[in-house]
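The values are calculated or read from the model by the stated rules, or taken from the named source; none is laboratory data. Since the model is a prediction, treat every value here as computed from it, not as a measurement. All Cβ positions, glycine included, derive from the backbone under ideal geometry; neighbour counts span all protein chains shown. All accessible areas refer to the heavy atoms of the entire protein, side chains included, with ligands and DNA or RNA removed. Shrake-Rupley method; radii C 1.70, N 1.55, O 1.52, S 1.80 Å.
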Amino acid sequence: MQPQDNTAVAAGHASATPTGVAPAAFGASVDHYENFPVASWLCPAPLRPAVAAIYRFARLADDMADEGPHSASERLTELAAYRAELDAALQGRHAARWPQVFNPLAQAVQRHVLDPALLHALLDAFEQDVRHTDSGHRYADLPELLDYCARSANPIGRLLLQLWNVRHDEALERSDRICSALQLINFWQDLSRDLPRGRIYLPTNVLRRHGARVDDFLPGATSRDRERNAVVAELCAHARGLMQMGAPLVHEVGGRAGWELRLVVQGGLRVLDRIAAIEHRSWAQRVTVDKADLPLLAWRALWM
């Protein structure tokens, strides 16, 4: 489903295949879901089943919202059924349609005392994406977009922090900044893929400030390079600032998880470097970070 994301370099290869999916930052031995950091020998074995369960839950819901030829109404109906099965599983009832997702997830929630509201928040975000894509909704400004990130990305980071028993307010706030930054970086990295599909995340007030329109970023548009580049440059600078504000979290998470978090932060920043290197023309060319970047990321992570 998802293209290689800005944290994939921190994740390595997966050994478990999801059944059907933005992110602080630890991981386990599964594929990646957007900015979901996964992988890895850095994650202690006892936590891998829980991380895999969270991932599978999010991955299948995202597929319902985004994949295939289904109508918005059909997608929302399926997501409603998925939410009902989540509630049933959390109440101790055996999952009927998606046991491979909800039975392990319910076990993880119970074992690690995870907050079910965070799982519901993810479903809220997927439903919002369906409705907004169907209606052609345009985000007014960055605060509105960050409100979306609070449901689409930040719950993943908070769930993963709960697995590590890191629950104090300052850590959660920093996790939210990292997760929102990763989600935004994914948006600005994927402009060339999202816009033709009607997934519009460019804030209207930023476009207006630089004299640009959404149509200027669509395939076939051949002018207004300065305006387009200025829009992406401002959005990337904002994402970089969020990431830098959240980065001190790496010093509050111990052990291998802290090192994976360092690599995730540096992976996101590296994507921003790559976008800057093409003069912020990510609306025309999608940049990636891959294994060749790992030595640089490891060096930068060491000095955080």
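Peptide packing: for 205-217, 101-113, the average count of neighbouring Cβ atoms within 10 Å per residue gives the ranking 101-113, 205-217, highest mean first.
With a simple spin-label model that places each label point 7 Å from the Cα along the Cα-to-Cβ direction, the separation between Ala292 and Ala276 comes to 2.0 nm. When only Cα pairs under 8 Å and 6 or more residues apart are kept, what is the percent relative contact order across the stretch 59-168? Answer for the stretch 59-168 is 28 percent. Each Lys and Arg adds +1 at its Cβ and each Asp and Glu adds -1 at its Cβ; summed about the Cα centre, the chain shows a dipole of about 480 debye. Modelled spin labels at Arg93 and Leu302, positioned 7 Å past Cα toward Cβ, are 5.5 nm from each other.
A DSSP coil position with no more than 13 other Cβ atoms inside 10 Å describes the following chymotrypsin sites (Phe, Trp or Tyr not before Pro) in the stretch 236-304: Trp303. Assuming a ≥ b ≥ c are the square roots of the Cα gyration tensor eigenvalues, decide whether the stretch 55-173 counts as rounded (a/c under 1.5), prolate (otherwise, with a/b larger than b/c) or oblate. Since a/c reaches 1.5 but b/c is at least a/b, the shape of the stretch 55-173 is classed as oblate.
Decide, for the chain, between rounded, prolate and oblate: order the square roots of the alpha carbon gyration tensor eigenvalues as a ≥ b ≥ c, take rounded if a/c falls under 1.5, and otherwise choose prolate if a/b is larger than b/c, else oblate. Note, shape of the chain comes out oblate.
By the gyration tensor of its Cα atoms, with a ≥ b ≥ c the square roots of the eigenvalues, what is the shape of the stretch 58-118: rounded for a/c under 1.5, prolate for a/b over b/c, or oblate? Cα axes put the stretch 58-118 in the prolate bin.
Note on the chain: dipole from Cβ charges, positive end direction compared against Met245, Cys43, Val214; the farthest Cα belongs to Cys43.
Sorting 163-171, 273-281, 177-185 by their mean Cβ neighbour count within 10 Å, with the most densely packed peptide first, gives 177-185, 273-281, 163-171.
With a 1.4 Å probe rolled over the protein heavy atoms of all chains, the accessible area of Asp62, Asp134, Asp290 falls in the order Asp134, Asp290, Asp62, largest first. Sorting 53-60, 220-227, 197-204 by their mean Cβ neighbour count within 10 Å, with the most densely packed peptide first, gives 53-60, 197-204, 220-227.
The calculated FRET efficiency for Ala284 paired with Asn103, based on their beta-carbon distance and R0 = 35 Å, is about 0.20. Put a plus charge on the Cβ of each Lys and Arg, a minus charge on the Cβ of each Asp and Glu, and nothing anywhere else: the dipole of the stretch 167-304 about its Cα centre is then about 260 debye.
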